[in-house]
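The values are calculated or read from the model by the stated rules, or taken from the named source; none is laboratory data. What you see is a predicted model, and the numbers here were worked out from it, not measured in a lab. Ideal geometry is used to build each Cβ from the backbone, glycine not excepted, and the neighbour counts take in all protein chains shown. Accessible surface is based on the protein model in full, side chains and every heavy atom, while ligands, DNA and RNA are left aside. Shrake-Rupley method; radii C 1.70, N 1.55, O 1.52, S 1.80 Å.
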Amino acid sequence: MTAVTVEDIEAADSGALTDGIHLVFDALRLNSVDTIYGLVGIPITDLARVAQASGIRYIGFRHESAAGHAAAAAGFLTQRPGICLTVSAPGFLNGLVALANATTNCFPMVQISGSSERHLVDLQRGDYEEMDQLSAAKPFVKAAYRVSRTQDIGRGVARAIRTAVSGRPGGVYLDIPAAVLGEAVDAAAASKTLWRVVNPSPRQLPDLETVDAALDLLAGAERPLIVLGKGAAYARADERIRQFVERTRLPFLPMSMAKGLLPDDHPQSVATSRSLALRRADVVMLIGARLNWLLGHGDAPQWNSEAKFIQIDIDASEMDSNQPIAVPVVGDIASVMQTLVERAKSTRISAPEQWREELTTKAAQNVARMADRLASARTAHPMKFLGALQAIRDVLRDNPRVCVVNEGANALDLARNTIGMYRPRRRLDSGTWGVMGIGLGYAIAATVETSEPVVAIEGDSAFGFSGMELETICRYKLPIVIVILNNSGVYRGDEASGSDDPAPTRLEAHHELMIRAFGGLGYRAETPDEVAAALREALASGRPALIDCVIDPSDGTESGNIAHLNPKGISRKG
Ligand code: ADP
Ligand code: TZD
């Protein structure tokens, strides 16, 4: 898309009238927004039409949560806020789930929602889709703004974009009442109220003394470890991270969405000796990763209680949130890594031989144990998760451009461990909340934003949360293959029922029939060979496709590998 200037808009508008709808579009276009994810209705239908007719791609969804998840993924993949457009009240609330999830994951996103008339909402007179959306959004987002006058549309959009993407990225809510959207104003005067945000996410350079302190601590470590998180993937500092890791020869561990930042078969990756690495490391450098539940809060016994932490993060308030941070390096990862690479030259950092051997020995044991599990799963009938996943892994190895989206419980844990990633930002998953429902929205954004094919590996329950977006995928003819690991239930499908109704975890579906209703390719696969053949054919076709993999209902663990977080009720008699 060619860049648009304020002068272009002024020239086009001279002597004419414009309205709030066109001004929102102009403000977005001025700020290089090229795609909007949304769902239309009162009062934003014309905004979608105007956008589509004038050069912003509009992708229309079947549910606002999926549209919002798509916008969030777009933000993660592009470093520009993904835009989600919703209608008032219920549509807004559906989208808010995704906006909150984006905020939790530190993805830049702006949800623009139409809203009902202020004078009716504020006196609670019972307007159509009445709701005080601004107040509702506030607790869940990085910031929430309302535009109450057409002359503030440019300011509102600029503020939303800068807030979403600067510092720690997050979700921003922008409320635009119907009256503002519909108001007609002089076009030339209005165009002067719009502007392009200059350098929306300025660099944040680290304090040099702190960088040197980090290097000193690493140099003195006996068992150093680097943890790469999705903040590192987002930062697009791939080359500098690689340089730092390879020059220092430190072992590194990727969090799930940082997989592929360095290839999973990199000799310094300790993904296959993860538990040992966490339990034994004495100095840990966190790069864009939080010590939240996904890292056991940094607590013993999962971690060495004597471990010292270096944390690289753009948000100073993240430091000390779980453990004392010995060296807090506050700055943007690209700048910090550049400084670290430069200053590391004068420091002697390396992983002691003994530590590398300890990790390698453990990795070899774990890989051998896993090889046994994989071998027995390959021939098991009915098919096991690991049988289907090995087939998917082999096909993906031959298709390295593919982006992988992944959600579920067992479907998530086992796919994460089985499927190697070799390129950065090619894996999108349930993330910090462990949320279900991101699947098809993330998949749609992944192909729209990268022009690459997508394989979404879904638990059967997880798929259901956004399943109707199959129609969206088929309508836009997107190269997405959804692979459902269908074990007929939430976690597993063999639970006995306590009544005449199905058990709470039970599900029943032939998902391949769903996509056929929308013109996509539907496959049912009962063996790993059938999974592989279907996936190869589907990817080669470039068409929307769904493979329902029939998995043994007794395969799977309740809550996957976070079963310890699941309270169990006492057994009561009578
Ligand atoms: P993971 O789940 O992969 O461990 P988290 O989402 O917990 O990762 O952590 C990501 C961290 O990265 C957040 O604390 C966020 O503030 C930080 N972050 C995001 N973008 C940047 C950036 N450009 N520079 C520095 N830190 C960043
Ligand atoms: N609702 C939302 C929005 N997010 C959630 N995480 C859940 C409910 C609870 N939940 C999980 O944490 S995993 C999961 C649910 C419903 C689905 C697990 O079943 P699945 O995957 O079929 O997707 P597996 O492979 O059978 O475990």
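Assorted remarks:
- Failed item, numbered, when V550 is tested on (1) farther than 17 Å from M468 by Cα; (2) surrounded by fewer than 20 Cβ atoms within 10 Å (Cβ to Cβ); (3) within 16 Å of ligand 2 (Cβ to nearest atom): (2)
- Checklist (1) part of a loop (DSSP other than H, G, I, E, B); (2) touching an Asp or Glu at 6+ places or on another chain (Cβ under 9 Å) applied to A446, failing item: (1)
- Some residue of region 155-172 being within 16 Å of ligand 2 (Cβ to nearest atom) and either among the β-branched types (V, I, T) or open to solvent by 10 Å² or more (accessible area, probe 1.4 Å) (or both): no
- Counting residues in region 516-533 that are surrounded by fewer than 19 Cβ atoms within 10 Å (Cβ to Cβ), in a helix (DSSP H, G or I), modelled with pLDDT of 95 or more and among the acidic types (D, E) gives one or more.
- Check on V327, open to solvent by less than 20 Å² (accessible area, probe 1.4 Å), on the phi < 0 side of the Ramachandran plot, away from ligand 2 (no atom under 16 Å from the Cβ) and over 24 Å from the mean Cα position of the chain (by Cα): yes
- Sole residue being open to solvent by less than 20 Å² (accessible area, probe 1.4 Å) and under 19 Å from I36 (Cβ atoms), chosen from V97, V110, V121: V110
- Selection status of L96, under 27 Å from L440 (Cβ atoms), assigned to a helix (DSSP H, G or I) and modelled with pLDDT of 95 or more: yes
- Residue count for region 415-431 satisfying the condition of being within 14 Å of ligand 2 (Cβ to nearest atom) and open to solvent by 10 Å² or more (accessible area, probe 1.4 Å): 4.
- Residue check for A72: touching a helix residue (DSSP H, G or I) at 6+ places or on another chain (Cβ under 8 Å) and in a helix (DSSP H, G or I): yes
- Residues located in region 247-302, provided they are open to solvent by less than 10 Å² (accessible area, probe 1.4 Å), within 15 Å of ligand 1 (Cβ to nearest atom) and of a type outside the set (G, A, S): F252, L253, M257, L262, L278, V284, M285, L286, I287, L291, L295
- The single residue among L412, L389 that is within 27 Å of S269 (Cβ to Cβ), open to solvent by 10 Å² or more (accessible area, probe 1.4 Å) and within 16 Å of ligand 2 (Cβ to nearest atom) turns out to be L412.
Per-residue answers, yes or no, for (1) touching a strand residue (DSSP E or B) at 6+ places or on another chain (Cβ under 8 Å); (2) modelled with pLDDT under 95; (3) closer than 27 Å to T104 by Cβ:
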position: A300; (1), (2), (3): no, no, yes
position: N304; (1), (2), (3): no, no, no
position: Q311; (1), (2), (3): yes, no, yes
position: P328; (1), (2), (3): yes, no, yes
position: G331; (1), (2), (3): yes, no, yes
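For every residue, the table says whether it meets (1) in contact with a Gly (Cβ under 6 Å, 6 or more places away or on another chain); (2) more than 29 Å from A27 (Cα to Cα); (3) surrounded by 22 or more Cβ atoms within 10 Å (Cβ to Cβ).
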residue: R196; (1), (2), (3): no, no, no
residue: N199; (1), (2), (3): no, no, no
residue: E209; (1), (2), (3): no, yes, no
residue: A214; (1), (2), (3): no, yes, yes
residue: A221; (1), (2), (3): no, yes, yes
residue: P224; (1), (2), (3): no, yes, yes
residue: V227; (1), (2), (3): no, yes, yes
residue: R236; (1), (2), (3): no, no, no
residue: F244; (1), (2), (3): no, yes, yes
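- Residues in region 68-88 that are open to solvent by less than 10 Å² (accessible area, probe 1.4 Å), aliphatic (A, V, I, L, M) and more than 13 Å from the chain's Cα centre (by Cα) were compared, and the one that is farthest from I314 (Cα to Cα) is L85.
- Remark: pairs (first residue in region 128-150, of a type in the set (S, T, N, Q); second residue modelled with pLDDT under 95 and open to solvent by 30 Å² or more (accessible area, probe 1.4 Å); Cβ separation under 9 Å; 6+ apart in sequence or on different chains) = S148/R118.
- Scanning region 374-386 for residues that are open to solvent by 30 Å² or more (accessible area, probe 1.4 Å) and touching a residue at least 40 places away in the same chain (Cβ under 8 Å), we see that the one that is nearest to the chain's Cα centre (by Cα) is K384.
- Residue within region 199-222 that is within 16 Å of ligand 1 (Cβ to nearest atom) and without any contact (Cβ under 8 Å) to a residue 12 or more places away in the chain present: yes
- When residues of region 304-324 are limited to those that are within 23 Å of the chain's Cα centre (by Cα) and among the β-branched types (V, I, T), the one surrounded by the fewest Cβ atoms within 10 Å (Cβ to Cβ): I314
- Given (1) open to solvent by less than 50 Å² (accessible area, probe 1.4 Å); (2) closer than 30 Å to S350 by Cα; (3) of a type outside the set (K, R), number of the condition Q204 does not satisfy: (1)
- Unmet requirement for M421, which otherwise passes all of (1) within 16 Å of ligand 1 (Cβ to nearest atom); (2) under 27 Å from Y58 (Cβ atoms): (2)
- For region 449-477, the tally of residues that are outside any helix (DSSP H, G or I), more than 16 Å from ligand 2 (Cβ to nearest atom) and surrounded by fewer than 21 Cβ atoms within 10 Å (Cβ to Cβ) stands at 5.
- Residue in region 356-369 that is open to solvent by 70 Å² or more (accessible area, probe 1.4 Å) and farther than 22 Å from R274 by Cβ present: no
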